[in-house]
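The values are calculated or read from the model by the stated rules, or taken from the named source; none is laboratory data. In this text, all values refer to a predicted model and were calculated from it rather than measured experimentally. Virtual Cβ from ideal backbone geometry, glycine too; neighbours counted across all protein chains shown. Side chains included, ligands, DNA and RNA excluded: accessible areas come from the protein's heavy atoms. Shrake-Rupley method; radii C 1.70, N 1.55, O 1.52, S 1.80 Å.
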Amino acid sequence: MKKETWKELTIGTINLEAGNSVKNLTGTWRSGHKPEFIEEHCIQCFFCWLYCPHFAILVEDGEVKGINYDYCTGCGMCAEECPSKEKSIVMVKEEVKLAEGGTE
Amino acid sequence: MSTLKTLNGNQTIAEAVRQVDPDVMAAYPITPSTAIVETIAKFKADGLISGEFVCPESEHSAMSVCIGAASAGGRVMTATASQGLALMWEMLYIAAGLRLPIVAGIANRALSAPINIHGDHSDTMGARDAGWIQIYSENCQEAYDNFIQAFRIAEHLDVRTPVLVGLDGFIISHSMEVVQVEGDEKIKDFVGEYQSVYPLLDTSRKITVGPLDFTDYYFEHKRNQMAGIENAPGVIQQVGKEYGEKFGRYYGFFEEYRMEDAETCIVVMSSAAGTCKDAIDELRNEGKKIGLLKPRIFRPFPAKEIALALKGTRAVAVLDRSACPGAFGAPLFTEIRNALYDYDPRPKVVNYVYGLGGRDIKVEHFKDVAEKLDKIAETGKVEEIYGYLNLRE
Amino acid sequence: MVKLKDLAQMEDRLVAGHGMCLGCGIPLIFKVVLRATEDPLVIANATGCLEVCTTIFPRTAWNVTWIHSAFENAASTIAGVEAMYNALKRKGKIPKDKTIKFLGTGGDGGTYDIGLQALSGTMERGHDVVYLCYDNNAYANTGGQRSSATPLGASATTSPAGTHSPGKLQWRKDLTKILTAHNIPYVAQASPSRWQDLYNKAKKAFEVEGPAFLNVLCMCPTEWKYDESKGVELAKIATDTCVWPLYEVENGKYKLNYKPKEKKPILEWIKPQGRFRHLFKEENAWVLEEFQKKVDEEWEELNRLASI
Ligand code: SF4
Ligand code: SF4
């Protein structure tokens, strides 16, 4: 990513690009574990969405659809809080790839 | 309509505030600037101003309110002095870093310890690297004129940098003078409409103001910030000229008094310059070729212009109303001596610290300085580069 | 009653790609609170975990108007924004029918300690703003130093447990009570583990005219030292042990929002957290006793106030 010269920066230390942190892929932080979504067990309670600190639960058309591994850090909160009779999210081992840096 | 009013320095600032009618005024009372805040509060209570007046619980919060308000997108002012300015310190840098055109009236006062409520420049001189434009006033009239011009300078789109206007605590803040107060409409017209840049209250933009920089951006942002104050000199001159054309009182970077053929020169700012003028008149009557240079703008420092004004003299005494412990001379001196370094021939430059904690400086003290300058000019030798005036040794 | 499903379909005002820790409680709090108003919002954020982790230039995780100026002054900064809003509205520069909400926020460092004065001033002056403290019991952003919100007996880097010390020696400051004493229209204590309660409180805080204060417990796996997946459970235990009671004070009237069926012993709160590990040494037994005693006293007092 090309970095601005001092003349190119907006005056006053301002970032004009709301929400551009989505380019930071926090999924690269995962180290050894990832959640797996089992759709048929899901009761659509949205607790996983609520309790995911990294906004990594995929919601489409008003339904929880799975995990966005671009951002999932593997903290396990979703699996821990998933209340369905048979867990709809379980943590599984993941082969650790060497991180290619935290941003796209 | 322009009228003559008998006002003290604090009242002139308040009067200017009433006329400019900023959107938000936030200030905490502190001697000797208290009356500025009280008068604004009374104006508000009497419905004479339409902006919001906020009376926070400290100067730190006062400047923080100013920062929030200016970022929100509108015209903002404050007033303080001494310890109050010191308590704002952290936020002064942030106001400048965020390029917020806040205008502050400062009744210059000594810093503790020991605690002292009287006039010296330790407060604003300590803040000289905070990124604010600094303007100093000799008397109530100048305080009024400077304060009004400050809004134009601060808010100019090429500048967008906070401005403080200094007036000596008590000596000016509390002394009554006959002041030419211009008509409300004319002042409003001169100051013009506020133009906001990326205001927070334009919520459709969703901007992030004041983010965190690591090593890869801090330097560039700081450099970007400095461009504002670097653009100020032209604007200061333009505004001073326009003010003169409108109201008959012209302003530049500094005032030269009887400098035409001066061989020696005293440099002194603010109220002491008034006394110095009397001394210069007497010395001139005695046949001495001496003049006065009174800086008005200290930041950005008009180095080249001051050097050109002084380079033809043989000896210059720079008088500072603040000390700079451990440094090679006090702030004004170091700037001026530095500015002259590239000129050859150049005058000898010495430094006297005077007036700390409100200590008087009288005609006789300036005359002593003149005598020392004569000797330096004659012999080309400087015995003492740094000294004190009216101090019990 | 609002449904999570509906909340999930609202636009995120804090988005993915922020740098907060695995299992951090802060995003959970803000996910709910920022949905409790649909009006445009301006946030002033004190220096701290949230500010640092969301705005590393040139990226920002804020999809809402946001400002940071310093550590101790989020309250006075947002007060300034609100003052300008009032001025411009009166002058007709902002349309009469446009409403903007204002939120000041900081951690316990920026709120209980260094920012207390600015907060007190803003609340006393009656600015129409909400202030939210995310209380993670420590200066977590700088590596876990003690704050006045750090619990008795917790080991923090500036109140470390050692052979001659059981960790922090003082009982925590009751900030919610201090804010209540400001006689502002709305004060509440909440927890991200009870999202509905948190949502309701945030909604009330935004809707009330005048200042409102929310003190929200915020799990911090990094400084509390527990299994990061268990944060929500831990926050629940905090309310079940009455270490962090959920209550609100509306125009001076206290209301308990959650009474555990069976009040659990504080050990359930203490045991999972590494910061309390040393308390199980024989010589520190008194701390646990003292802790339980204090919690009981405060809970009793709260019940008394709520029954008035
Ligand atoms: S493991 Fe953590 S980060 Fe990943 S989806 Fe679950 S809660 Fe979100
Ligand atoms: S918490 Fe479990 S049951 Fe609830 S929506 Fe998520 S995956 Fe489905």
(request) Within the stretch A:22-60, count every residue that is at the interface with chain C (Cβ under 7 Å from one of its Cβ atoms), in contact with a Ser or Thr (Cβ under 7 Å, 6 or more places away or on another chain) and either assigned to a strand (DSSP E or B) or more than 15 Å from ligand 1 (Cβ to nearest atom) (or both). (result) 2
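Residues to consider are B:Ala41, B:Ala70, B:Ala45, B:Ala62; find the one that is surrounded by fewer than 24 Cβ atoms within 10 Å (Cβ to Cβ), within 14 Å of another protein chain (Cβ to nearest Cβ) and out of contact with any helix residue (DSSP H, G or I) (no Cβ under 6 Å at 6 or more places or on another chain). Reasoning before the result, please.
Details: B:Ala70 fails: surrounded by fewer than 24 Cβ atoms within 10 Å (Cβ to Cβ); B:Ala45 fails: within 14 Å of another protein chain (Cβ to nearest Cβ); B:Ala62 fails: surrounded by fewer than 24 Cβ atoms within 10 Å (Cβ to Cβ).
Result: B:Ala41 is the single residue among B:Ala41, B:Ala70, B:Ala45, B:Ala62 that is surrounded by fewer than 24 Cβ atoms within 10 Å (Cβ to Cβ), within 14 Å of another protein chain (Cβ to nearest Cβ) and out of contact with any helix residue (DSSP H, G or I) (no Cβ under 6 Å at 6 or more places or on another chain).
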(request) Kindly list the number of the only condition in (1) charged (D, E, K, R); (2) in contact (Cβ under 8 Å) with a residue 40 or more places away in the chain; (3) assigned to a loop (DSSP other than H, G, I, E, B) that fails for B:Asp129. (result) (2)
(message) I'm checking my understanding of the structure. Among residues of the stretch C:236-291 that are under 21 Å from the mean Cα position of the chain (by Cα) and of a type in the set (D, E, K, R), which one is most open to solvent (accessible area, probe 1.4 Å)?
(response) C:Lys259
(request) Would you be able to tell me the number of residues in the stretch C:221-233 that are more than 16 Å from A:Leu50 (Cα to Cα) and open to solvent by less than 10 Å² (accessible area, probe 1.4 Å)? (result) 1
(message) Restricting to the stretch B:181-236, name every residue that is among the charged types (D, E, K, R) and under 13 Å from B:Arg152 (Cα atoms).
(response) B:Lys188, B:Asp189, B:Glu193
(request) Provide a single number: the residues in the stretch B:270-305 that are within 19 Å of the chain's Cα centre (by Cα), touching a residue at least 60 places away in the same chain (Cβ under 8 Å) and outside any strand (DSSP E or B). (result) 10
(request) Could you list all residues from the stretch A:62-96 that are within 9 Å of ligand 2 (Cβ to nearest atom) and under 22 Å from C:Leu234 (Cα atoms)? (result) A:Cys78, A:Ala79, A:Glu81, A:Cys82, A:Pro83, A:Ser84, A:Lys87, A:Ser88, A:Ile89
(message) Among the numbered criteria (1) within 25 Å of C:Gln196 (Cα to Cα); (2) within 7 Å of another protein chain (Cβ to nearest Cβ); (3) touching an Asp or Glu at 6+ places or on another chain (Cβ under 9 Å), which one does C:Thr37 miss?
(response) (2)
(request) Just name the residue that is nearest to the other protein chains (Cβ to nearest Cβ) out of those in the stretch C:15-34 that are of a type outside the set (Phe, Trp, Tyr) and not in a loop (DSSP other than H, G, I, E, B). (result) C:Pro27
(request) Scan the stretch A:62-82 residue by residue and report those that are in a loop (DSSP other than H, G, I, E, B) and over 19 Å from C:Gly25 (Cβ atoms). (result) A:Gly62, A:Asn68, A:Tyr69, A:Asp70
(request) Just give me the residues in the stretch C:81-96 being of a type in the set (Gly, Ala, Ser) and over 31 Å from the mean Cα position of the chain (by Cα), in sequence order. (result) C:Gly92
(message) Checking C:Asn215 against (1) surrounded by fewer than 22 Cβ atoms within 10 Å (Cβ to Cβ); (2) touching a residue at least 40 places away in the same chain (Cβ under 8 Å): exactly one of these is not met. Which one?
(response) (1)
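For the stretch C:204-225, check the following and say yes or no: at least one residue is of a type in the set (Phe, Trp, Tyr) and part of a helix (DSSP H, G or I).
Restricting attention to the stretch C:204-225, the residues satisfying the condition of being of a type in the set (Phe, Trp, Tyr) are C:206, C:213, C:224.
Still in the running and part of a helix (DSSP H, G or I): C:206, C:224.
The answer is yes; a qualifying residue exists.
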(message) Which residue is most open to solvent (accessible area, probe 1.4 Å), if the candidates are limited to the stretch A:61-78 and must be over 11 Å from the mean Cα position of the chain (by Cα) and more than 9 Å from ligand 1 (Cβ to nearest atom)?
(response) A:Asp61
(request) List every residue pair whose Cβ atoms lie under 7 Å apart, where the two residues are 6 or more positions apart in sequence or sit on different chains, the first residue falls within the stretch A:28-49 and is under 12 Å from A:Cys75 (Cα atoms), and the second residue, located anywhere, is more than 12 Å from ligand 1 (Cβ to nearest atom) and open to solvent by 80 Å² or more (accessible area, probe 1.4 Å). (result) A:Ser31/A:Val96; A:Gly32/A:Lys93; A:Gly32/A:Val96; A:His33/A:Lys93
(request) Return yes or no: is A:Ile11 over 12 Å from the mean Cα position of the chain (by Cα) and either within 14 Å of ligand 2 (Cβ to nearest atom) or more than 7 Å from chain C (Cβ to nearest Cβ) (or both)? (result) yes
(message) Can you tell me which of (1) over 24 Å from C:Cys53 (Cα atoms); (2) open to solvent by 10 Å² or more (accessible area, probe 1.4 Å) is the one A:Phe46 doesn't meet?
(response) (2)
